[in-house]
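I have placed the structure first, in the form of structure tokens, so that the comments after it can refer back to it.
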Amino acid sequence: MITLTHFLLVSAALFCIGMYAIIAKRNAIMILVGIEFIINAAILNLVAFSRYDRAEYGGQIFALFAIVLAAAAVAVGLAIILSVYRKHQTINPDKITDLRD
Amino acid sequence: MIDIVFYVFAIFTIGSALAVVSLRNTAKALFLFFFVLFGMAGLFIFALADFVAITQIMVYVGGVLILMIFAFMLSIKELLASIQDNSSRLFTLPNWQSLIVVLGFFLLLSFAITDWLATTPNWISANQKTQAILQPTDNNIEQLGFRFMTKYLLPFEVISIFLLAALIGAAHLSRKEVED
């Protein structure tokens, strides 16, 4: 029998891997991948809890909303990365130190 | 049997996620990201959320991954150089420090999860008693459609407008600047 604990542990592991990508990577695209890992871990939690809630389906509906939000975040994030790359010729967040031109 | 398949999916997902963050080559990492998303869709099916799994494959694999590979190819010059100089660190920590932080956080999370689930939460045991938990034979898509068109209609419309605005904004941000 697969219990809630299994899902939550897998999701915790994925969350921590995403956090590692955000802390340690020096490449904006990999940082965005880390954010996607974290969002996916959250969606796995929502879906796992939704299994015990047949009356409302709240978890699955919120998971679908979260997927849409993640897709919008990726679209805007990649557009920002591209325009930053065009201006600064780098996507290393440590090297992009000023907001103005 | 179903336990073994679950473990295979979980190990596959976490293993490819570890490979994504440990690979130096961003192109390989992005292709492995694809496997992570597929593994996650498999895990959603184990939680009896088939529609969420299909949406995951369509939105992430069809949209997000393609976008990421495009962005990677458009900024490839910098990535091929891939210089690892440690001179200017504003946000990033060295690998071993971030590894310690992340492992500590994982231990904390797993301790919290096992501690909290030592006693089943009240609403879960109540639903299990009245058989109000999802069965593999339930028709999820029909139920989700009813919920979206009745109780969650306003959030559904708001998020549609939000997605439209975000996509127009993304297209506006990434267009070439016109010199004037």
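All of the numbers you see were taken from the coordinates with simple rules; none came from a lab. Computed from a predicted structure; not experimentally measured. Note: ideal-geometry Cβ built from the backbone for every residue, glycine included; neighbour counts use all protein chains shown.
Quick notes on this one:
- Exposed GluC sites (Glu not before Pro) absent - longest run of chain B, DSSP non-H/G/I/E/B, at most 16 other C-beta within 10 Å: B:1-176
- Within the listed set B:143, B:97, B:56, the residue fluctuating most in the Gaussian network model of chain B (springs between alpha-carbon atoms under 10 angstrom) is B:97.
- CD proxy at 222 nm, helix term only [per DSSP H run n ≥ 4: -39500 (n - 2.57); per residue of the protein assembly as shown; nearest 500]: -24000 deg cm²/dmol
- Computed from Cα positions, the angle between helix B:153-173 and the longest principal axis of chain B comes to roughly 10 degrees.
- Set against the 2.2 N^0.38 Å expectation for a compact globular protein, chain B has a Cα radius of gyration ratio of 1.36.
- Across peptide B:9-22, the mean count of Cβ atoms from other chains lying within 10 Å of each residue's own Cβ comes to 4.
- Length gained on full extension, residue B:24 to residue B:95, computed as 0.36 nm times the residue gap minus the Cα-Cα distance: 24.3 nm.
- With a 10 Å cut-off around each Cβ of A:28-41, the average count of Cβ atoms from other chains is 5.
- Between B:103, B:30, B:153, the residue with the greatest mean-square fluctuation in the GNM of chain B (Cα pairs under 10 Å linked by springs) is B:103.
- Once exposed loop trypsin sites (Lys or Arg not before Pro) are cut out (DSSP; at most 13 other Cβ, 10 Å), longest piece of chain B: B:90-174
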